[in-house]
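The values are calculated or read from the model by the stated rules, or taken from the named source; none is laboratory data. Only a predicted model underlies this, so the values are computations on that prediction, with no experimental measurement involved. Note that we place each Cβ from the backbone using ideal geometry, even for glycine, and neighbour counts take in every protein chain shown.
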Amino acid sequence: MIRITLRYILIIILSFLISLYLFEYFLVYSVKNIEKNKAKIFEKETGKKYEYRNKIVVFNELKKEYPKLTSTLVPKHFAISSEHKIIPLGGLSNSKTLHCKENGYFSIFDSDRYGFNNPDNEWDNEKIEFFLVGDSFTMGECVNRPHDFGSVLRKLSNKSVLNLGYSSNGPMLQFAALNEYLDEKVNNILWFYFEDNDLQDLKDTMNSKILNNYLDKKDYSQSLKLKQKEIDIIVDNTVREHLKYFQSREEKRKKNQILRFVRLDKTKDKLKALMNDNDNKKKKFNNEVFLKFKKILEHTQILAKKNNSELYFIYLPSYQRFSKSGINTDLNQRDKLISMVKSLNIKFIDIFAEIEKKELDYKSLFPFGLYGHYNIRGYNEISKIIYDKTLEK
């Protein structure tokens, strides 16, 4: 009887392990299959070769051709660290910068004199029609110029545009960018808000002493325009450290592919993602976050008025908003946020509502119809909406 019981226990354990490894194999195969499908679409539509290589490999290859090549690094890294005396808001200046891959190729841009994604001569124009602040979407994540918001708006208006968006920038960093780089020649300030993570970015940085100085001290400035050489040293050193870390991690990953399969790494990552999704659905931002955001917007209004600039608040929806899946209404707080912006009488552009009104296929706006930043069509269509809305006086 005991032998039979042990046999059943062993069969159950063995079946469970086999199921786990079959699931692990399925996950590994799924990732490769998705990449193959993307490659087929990309190569058919563009006639170009799909980029399978990872960022470290591409960076090392391009470094041979461009010795001064750099990579992007989020300003948020400096904002949440107490070891830095200044918080850079852009990347390395006047540098070829490798960014990201979502559309089948790695995007690359030549940064301007302050490390942002602009043609450098935009800073020399007598008038700036649009001055953009926001996160990676505003920056033009994973597309090349001239397909980012700034470039498309430049073409539509036939006027000068400055884009100070940068990856992971939330409201605190956006307000800092306005204080450091805005000047009297700007006609319109476009404040981009991305619903998926801007409140979280705000929460992560709202206790930064330096960033709070912009709100609490009159005419406070880090004088970043005068410190670009110092900023370049800080950013360059930090980028090098990060690339070294990722290089080491990639080498370990290649060496341990069998071990990673044995450890069920993909399955564990999947479980963590599911747990994080569940946690996010339970999350709710407290009133302190909204009060801080309102304070930021009030100060932005004052800054815009003082500068004789028109302020627009642009609400960018997430992929989940369109697909109606994974939206955490407590975390997202769309209605509450919109109500707050409108109560301040800030000109409001709701991209979700406009896309719904135009009956655009939302999947056609994202890379391969999947979750991510916008593709070329997405940036183009949304830029047209924004431009048309700013013409409505």
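Remarks
- Residue in the stretch 302-313 that is surrounded by 15 or more Cβ atoms within 10 Å (Cβ to Cβ), modelled with pLDDT of 95 or more and touching a Pro at 6+ places or on another chain (Cβ under 7 Å) present: no
- Long-range neighbours under 9 Å by Cβ, at least six apart or interchain, first residue touching a residue at least 24 places away in the same chain (Cβ under 8 Å) and assigned to a loop (DSSP other than H, G, I, E, B) within the stretch 187-214, second among the acidic types (D, E) and surrounded by 20 or more Cβ atoms within 10 Å (Cβ to Cβ): N197/D135
- Residues (buried (at least 19 other Cβ atoms within 10 Å of the Cβ) and either within 21 Å of F116 (Cα to Cα) or of a type in the set (K, R) (or both)) located in the stretch 204-231: T205, L211, Y214, Q222, L224, I231
- Filtered by the rule that a residue be out of contact with any strand residue (DSSP E or B) (no Cβ under 9 Å at 6 or more places or on another chain) and outside any helix (DSSP H, G or I), the stretch 355-373 gives E359, L360, D361, F366, L370, Y371, G372.
- Residues that are touching an Asp or Glu at 6+ places or on another chain (Cβ under 6 Å), farther than 15 Å from F116 by Cβ and crowded, with 18+ Cβ neighbours inside 10 Å do not occur anywhere in the stretch 143-166.
- Among residues of the stretch 369-390, those that are at pLDDT below 95 and of a type in the set (A, V, I, L, M, F, W, C), counted: 1
- Members of the stretch 35-56 found to be closer than 27 Å to K268 by Cα and free of Cβ contacts under 8 Å to residues at least 40 places away in the same chain, listed by number: E35, K36, Y52, R53
- Hey, S71 of a type in the set (G, A, S), under 30 Å from D135 (Cβ atoms) and free of Cβ contacts under 8 Å to residues at least 60 places away in the same chain or not: no
- Screening I382, I349 for residues that are at negative phi, outside any helix (DSSP H, G or I), under 21 Å from the mean Cα position of the chain (by Cα) and crowded, with 17+ Cβ neighbours inside 10 Å leaves exactly one candidate, I349.
- Subset of the stretch 152-168 that is touching a strand residue (DSSP E or B) at 6+ places or on another chain (Cβ under 8 Å) and in a helix (DSSP H, G or I) - its residue that is farthest from P75 (Cα to Cα): S157
- Elements of the type helices (runs of 4 or more DSSP H) sitting completely within the stretch 41-151 and holding at least 2 residues that are among the β-branched types (V, I, T): these cover 55-65.
- Any hit, the stretch 169-183, residues being surrounded by fewer than 17 Cβ atoms within 10 Å (Cβ to Cβ) and either part of a strand (DSSP E or B) or among the acidic types (D, E) (or both): yes
- Any chance S81 is among the small types (G, A, S), closer than 30 Å to I34 by Cα and either at pLDDT below 95 or within 17 Å of the chain's Cα centre (by Cα) (or both): no
- Residue in the stretch 40-57 that is in contact with a Leu (Cβ under 8 Å, 6 or more places away or on another chain) and either of a type in the set (V, I, T) or at pLDDT 90 or above (or both) present: yes
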